[in-house]
Amino acid sequence: MKKMFLIATLSVLSLSSHAAGVCDSASKEFAAAVEVYKKEGGTAFMKRVLKNGPLENDTRSLSQAQALGQIEQFFGPLKSASVLSTKALGAKSCYIIGILEYENGPAFAVANYYSGAKGVGATSMFFQTEPEQILPKEFLVQ
């Protein structure tokens, strides 16, 4: 019985450690994509976000760069960005909420990163300028 408990405990710790690892990797991938965005623009950002994922060369997914272009028209150039929240969804998937801080206002990015055969890459991403559309109330008001 003790062996079973020990095996179960080690399995849970291993899974949570792996899950934390995918979120660490996903956060690094998001940060790397932001650096590409600052230097090369929205299309290059989306290509970097989707790199290693199943949508890497999907033209519909790359069209998300148009949303970034519209945000830039109103808010100006991207100045900084950071990850606000990560949540492991299983052992290989990480849900990220990030903030993109432009010259005249923020936008929020939501992405799901997955650790697949090629590495960690986004399987989805979308943007909003209204935090209440993405963030839980508890996150916005204390």
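Kindly check whether there is at least one residue in segment 108-120 that is farther than 18 Å from K28 by Cβ and open to solvent by 80 Å² or more (accessible area, probe 1.4 Å). Let's see the steps before the verdict.
Applying the first criterion (farther than 18 Å from K28 by Cβ) to segment 108-120 yields 108, 117.
After this cut, where a residue has to be open to solvent by 80 Å² or more (accessible area, probe 1.4 Å) as well, the list is 117.
Yes, that holds for at least one residue.
For segment 73-129, a tally of residues being modelled with pLDDT of 95 or more, under 16 Å from A33 (Cβ atoms) and charged (D, E, K, R) returns 2.
Residues that are loosely packed, with under 15 Cβ neighbours inside 10 Å and over 19 Å from I99 (Cβ atoms) within segment 40-72 comprise E40, N57, D58, T59, R60, S63, Q66, listed in sequence order.
One line per residue, one yes/no per condition, for (1) in contact (Cβ under 8 Å) with a residue 40 or more places away in the chain; (2) assigned to a helix (DSSP H, G or I); (3) under 21 Å from Q128 (Cβ atoms):
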position	(1), (2), (3)
E29	yes, yes, yes
N52	yes, no, no
N57	no, no, no
Q66	no, yes, yes
E72	no, yes, yes
V83	yes, no, yes
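For segment 35-57, taking the residues that are out of contact with any helix residue (DSSP H, G or I) (no Cβ under 7 Å at 6 or more places or on another chain) and not basic (K, R), the one that is modelled with the lowest pLDDT is identified as N57. If you go through segment 90-107 and keep only what is of a type in the set (A, V, I, L, M, F, W, C) and open to solvent by 10 Å² or more (accessible area, probe 1.4 Å), you end up with A91, I97, I99.
The values are calculated or read from the model by the stated rules, or taken from the named source; none is laboratory data. Remember, it's a predicted structure, so these values are computed and weren't measured experimentally. Glycine also receives a Cβ, built like all others from the backbone with ideal geometry; neighbour counts cover every protein chain displayed. We work out accessible area using only protein heavy atoms, side chains counted, and drop any ligands, DNA or RNA first. Shrake-Rupley method; radii C 1.70, N 1.55, O 1.52, S 1.80 Å.
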